[in-house]
Amino acid sequence: MDFRRLKLPLALSAICGLTLTGCTLAHKFFEPNITEESISEVRYLDQGWTDEDRQLFYNTPQGTELQGLHFEWLQALEQPFSKEKLASEENMRGWGFIIDPTFSPKSNAGSIYPVGMGSHTNIFDDSERLDLGCALCHTGELHYKGTALRVDGGQAIHGMSTSAPGEFIFSLGATTLETAFNPLKWSRFADEVAGEDKQARAQLKQDFSAYRKRFFEFAKGPGRDANFPVAEGRGRTDAVGRIGNVVFGYNLNIEENYQPADAPVSYPFLWDIWRFDWVQYTGFTNQAMARNVGEGLGVMAPVKLVDEEGNLLPEGEFGQTTIDVKGMHCVETTLRKLRPPKWPEDVLGEIDIAQAREGKELFADQCAHCHGPHPSKPYQWAVAAKPGDKPTNQRDVNWQWDMSGQISYDEQDHPLREDWRESIWAVPWIDVEVIGTDPTAAKNFVDHTYDPGPLVAKNPNDPDDAINRRVNAGDGLQLLINELVPVLYENSGISSDANGIADYDGLNVPFRIVNKAAYKARPLHGVWATPPFLHNGSVPTIYDLLSPKEVRPVRFGVGHREYNPQKLGYMTDMRRGNFEFDTTQKGNSNSGHQFTDADVPGRIGRRFKEGERLALLEYLKVMGNPDFSDRLGGDPQNWDQYPEPPASAIGDQACTPFRHDMAPQMVKSEVAP
């Protein structure tokens, strides 16, 4: 019997009886699927952050939850059908999470939580909940000969969102169910969390039952297997697909809105994003707060939107949520200080300067026309001044929110917001037909539509109203976020006084949406530290990306973090705990972005000779790094030439509740198991 084909509750029921009579089948079946790592030193790469900056990024909550899992429960839970701890350091590292004794929070028992797993107080019951912070998915590590190179703002390689047997979420669900029904397991759990206090144990029973119900209700809705026909594996998630299913299906309680999330993408790296005019892989939005609130909703921050009849809740109830806009603004302000990582020659090898100089010329000739960066004067964003105004043909604009920023007026006396940045990077969109990479993510964003429910009034006089009311993910999120963010600001005491709203919006940028079946060509400073490549992670190394498509790996292992400094990417062999990436599946294609002499879709440049590929790799290791500019004979990408972010006293103030009295001292190395 293949238990792995059963749904989790069914699989548990099928083997629970056997387990309780001493059978080891269940214990073996539910063993964690972990990658083994051997690390003796952790090196924090030079990215311009202080100890306090790193601690803020790792630990500041944003209000997201894991179906309400209490913070202290994670370290008390055991593995399914075992007395061993679920969230042991060995397991969490093996699942791809980063353990950092210097900067990570500790439980009451002294256990260390992974980077990005912090806590917040749930406003609905004052309990301390596990918070999934920004750093969880945007902190990377590269391992080489026993040294772990920490990449802050980089790409995580964990499998947080995958429900495959042996992975974190599957194991958490299995132990949740067993703990509830196995009296011995429950007793050990309750002893650790509540002790002998009868009242505390009774409350724990009630709280854990509510959590278990939410967990499996979510698993039957937006989290059900049918929604994910393409395995996300490690280091990827279908971010937009998940946000759409959570917001329009789960939060609005419209089950028909669940769509296949079959376009997993890698977690993008975060340095320099504050400079971009448009963000996300498809470049569909422009504003930091709107982007972060949308992400928070997708990562399951509890929020009250509709009543049992599906109507929007009245003022005072609508928008009650754990989303922490002050925490989000603190992280966003901190990220503006983050610089690209510098290549560590003493670990990964010395730079061949002659080869890097050749690569510099090749990059300018073959790559810079797309990847830039393309500096531009800051925009003057047209804003809505009254009801019904829709500048730049937006589906929806909240004119009161628009006008709550810092307002200027043009020569025709039209209101606008002057972008506070000294300069910005205009990031070009490349149509999917031109770039030729897997189009699924871009086309899903444009083509998948949802019933907006109460977000759009019904028109009884329109026979096609059910069709005409439908929205894609971008327009639907705009409808919701235009209503939700002003409420979050008001509930958090953020007003237009002293340009507070302008600052929280992200440097006085109003919220806008663009719908294009395209991907943005972002600048590539530090890209060497962000494998795998292309938006869907379908190419493991930059060397493979610069090579003809026919020699790109069709299948390769993802999950371990052993770095290949010659090819600039992870090693591709399959190891224990790995996910096999199959590029033949829809959403996983490694086509496009080709350097070839053949006239094929996705051709963006001529075929490189082997020496030219190696020269480009050598330059990408140090591109923009000011330490190498003189040795390169001048580098037009030198990041010291780009303006610093505007100072933000309001952003610094937002960080105040999350600062520790004494930031821990940086350690240069540590021994890890």
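The values are calculated or read from the model by the stated rules, or taken from the named source; none is laboratory data. Since we're looking at a predicted model, the values are computed, not measured. Cβ coordinates were reconstructed from backbone atoms using ideal geometry, including for glycine residues, and neighbour counts include every protein chain displayed. Accessible surface is based on the protein model in full, side chains and every heavy atom, while ligands, DNA and RNA are left aside. Shrake-Rupley method; radii C 1.70, N 1.55, O 1.52, S 1.80 Å.
Taking (1) open to solvent by less than 20 Å² (accessible area, probe 1.4 Å); (2) in a strand (DSSP E or B); (3) more than 21 Å from Pro532 (Cβ to Cβ) in turn, Ala174 satisfies each apart from (2). Taking the listed residues Val554, Val527, the one that is of a type outside the set (D, E, K, R) and in contact with a helix residue (DSSP H, G or I) (Cβ under 7 Å, 6 or more places away or on another chain) is Val527, with no other qualifying. Against the list (1) in contact (Cβ under 8 Å) with a residue 12 or more places away in the chain; (2) more than 24 Å from Val509 (Cα to Cα); (3) more than 16 Å from the chain's Cα centre (by Cα), the condition Lys337 fails is (2).
Taking each residue of the stretch 305-330 that is without any contact (Cβ under 8 Å) to a residue 60 or more places away in the chain and looking for partners that are surrounded by fewer than 16 Cβ atoms within 10 Å (Cβ to Cβ) and hydroxyl-bearing (Ser, Thr, Tyr) with beta-carbon atoms closer than 7 Å, six or more apart or interchain, yields nothing.
Which one is nearest to His138 (Cα to Cα) among residues in the stretch 497-527 that are part of a loop (DSSP other than H, G, I, E, B) and small (Gly, Ala, Ser)? Talk me through it step by step, then tell me what you get.
Initial filter on the stretch 497-527 (part of a loop (DSSP other than H, G, I, E, B)): 505-512, 514-517, 521-526.
Narrowing further to those that are small (Gly, Ala, Ser): 506, 517, 521, 526.
Values: Gly506: 19, Ala517: 25, Ala521: 19, Gly526: 14 Å.
By that ranking, first place goes to Gly526.
Could you list all residues from the stretch 637-663 that are surrounded by fewer than 14 Cβ atoms within 10 Å (Cβ to Cβ) and assigned to a loop (DSSP other than H, G, I, E, B)? Within the stretch 637-663, Pro643, Glu644, Ala647, His660, Asp661, Met662 meet the criteria.
Here's a check for you: in the stretch 534-570, which residue that is of a type in the set (Phe, Trp, Tyr) and in contact with a Leu (Cβ under 7 Å, 6 or more places away or on another chain) is farthest from Gly235 (Cα to Cα)? Outline the logic, then answer.
Quick first cut of the stretch 534-570, residues of a type in the set (Phe, Trp, Tyr) only: 543, 556, 563, 570.
Okay, now just the ones that are also in contact with a Leu (Cβ under 7 Å, 6 or more places away or on another chain), so 543, 563.
Values: Tyr543: 20, Tyr563: 15 Å.
Out of the qualifying residues, it is Tyr543.
To keep it simple, each residue is scored yes or no on (1) touching a Gly at 6+ places or on another chain (Cβ under 9 Å); (2) buried (at least 22 other Cβ atoms within 10 Å of the Cβ).
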site	(1), (2)
Gly476	yes, yes
Tyr489	yes, no
Ile501	yes, yes
Gly506	no, yes
Phe511	no, yes
Lys516	yes, no
Pro540	yes, yes
Asn564	no, no
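The residue list Val434, Val397 contains one member that is within 28 Å of the chain's Cα centre (by Cα), at pLDDT 95 or above, surrounded by 14 or more Cβ atoms within 10 Å (Cβ to Cβ) and within 25 Å of Asp272 (Cβ to Cβ), which is Val434. Looking across the stretch 296-315 at every residue that is of a type outside the set (Gly, Ala, Ser) and crowded, with 21+ Cβ neighbours inside 10 Å, the one that is nearest to the chain's Cα centre (by Cα) is identified as Val299.
Annotation note: of Asp346, Asp277, the sole residue that is surrounded by fewer than 24 Cβ atoms within 10 Å (Cβ to Cβ) and without any contact (Cβ under 8 Å) to a residue 40 or more places away in the chain is Asp346.
Within the stretch 471-493, identify whether any single residue is free of Cβ contacts under 8 Å to residues at least 60 places away in the same chain and in contact with a helix residue (DSSP H, G or I) (Cβ under 8 Å, 6 or more places away or on another chain), and answer yes or no.
Scanning the stretch 471-493, I find at least one residue that is free of Cβ contacts under 8 Å to residues at least 60 places away in the same chain and in contact with a helix residue (DSSP H, G or I) (Cβ under 8 Å, 6 or more places away or on another chain), so the answer is yes.
When the stretch 591-635 is filtered for residues that are surrounded by 14 or more Cβ atoms within 10 Å (Cβ to Cβ), more than 19 Å from Cys370 (Cα to Cα) and free of Cβ contacts under 8 Å to residues at least 60 places away in the same chain, the ones remaining, listed by number, are Pro626, Ser629.
Here's the yes/no breakdown for (1) on the phi > 0 side of the Ramachandran plot; (2) at pLDDT below 95; (3) of a type in the set (Val, Ile, Thr):
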residue: Phe218; (1), (2), (3): no, yes, no
residue: Asp225; (1), (2), (3): no, yes, no
residue: Ile243; (1), (2), (3): no, no, yes
residue: Gly249; (1), (2), (3): no, no, no
residue: Pro264; (1), (2), (3): no, no, no
residue: Leu270; (1), (2), (3): no, no, no
residue: Gln287; (1), (2), (3): no, no, no
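Can you tell which of Gln637, Gln566 is within 19 Å of Gly526 (Cβ to Cβ), of a type in the set (S, T, N, Q) and touching a His at 6+ places or on another chain (Cβ under 8 Å)?
Values: Gln566 fails: touching a His at 6+ places or on another chain (Cβ under 8 Å).
Exactly one residue qualifies, and that residue is Gln637.
Of Phe81, Phe124, all but one fail to be in a loop (DSSP other than H, G, I, E, B) and farther than 26 Å from Cys655 by Cα; the exception is Phe81.
Would you please name the residue that is modelled with the lowest pLDDT, looking only at residues in the stretch 103-150 that are polar (S, T, N, Q) and in contact with a Phe, Trp or Tyr (Cβ under 9 Å, 6 or more places away or on another chain)?
The first filter runs over the stretch 103-150 and keeps only residues polar (S, T, N, Q), leaving 104, 107-108, 111, 119, 121-122, 127, 139, 147.
Pick out the ones that are also in contact with a Phe, Trp or Tyr (Cβ under 9 Å, 6 or more places away or on another chain) and you get 104, 107, 119, 127, 139.
Details: Ser104: 76, Ser107: 66, Ser119: 95, Ser127: 96, Thr139: 98.
Here the answer is Ser107.
Of the candidates Gln366, Gln406, Gln355, Gln412, the single residue that is in contact with a Leu (Cβ under 7 Å, 6 or more places away or on another chain), polar (S, T, N, Q) and either within 30 Å of Val600 (Cα to Cα) or open to solvent by 30 Å² or more (accessible area, probe 1.4 Å) (or both) is Gln355.
Examine the stretch 197-215 for a residue that is part of a helix (DSSP H, G or I), touching a His at 6+ places or on another chain (Cβ under 8 Å) and over 30 Å from Phe579 (Cα atoms), and state whether such a residue exists. Within the stretch 197-215 (the criterion being part of a helix (DSSP H, G or I), touching a His at 6+ places or on another chain (Cβ under 8 Å) and over 30 Å from Phe579 (Cα atoms)), the answer is yes, since at least one residue qualifies. For the condition aliphatic (A, V, I, L, M), under 27 Å from Gly133 (Cβ atoms) and modelled with pLDDT of 95 or more, Val347 does not qualify. If the condition is being farther than 20 Å from Ala164 by Cα and surrounded by fewer than 21 Cβ atoms within 10 Å (Cβ to Cβ), then the stretch 574-590 contributes only Ser589.
The set of residues from the stretch 259-272 being over 22 Å from Ser589 (Cβ atoms) and either open to solvent by 20 Å² or more (accessible area, probe 1.4 Å) or of a type in the set (Asp, Glu) (or both) comprises just one member, Asp272.
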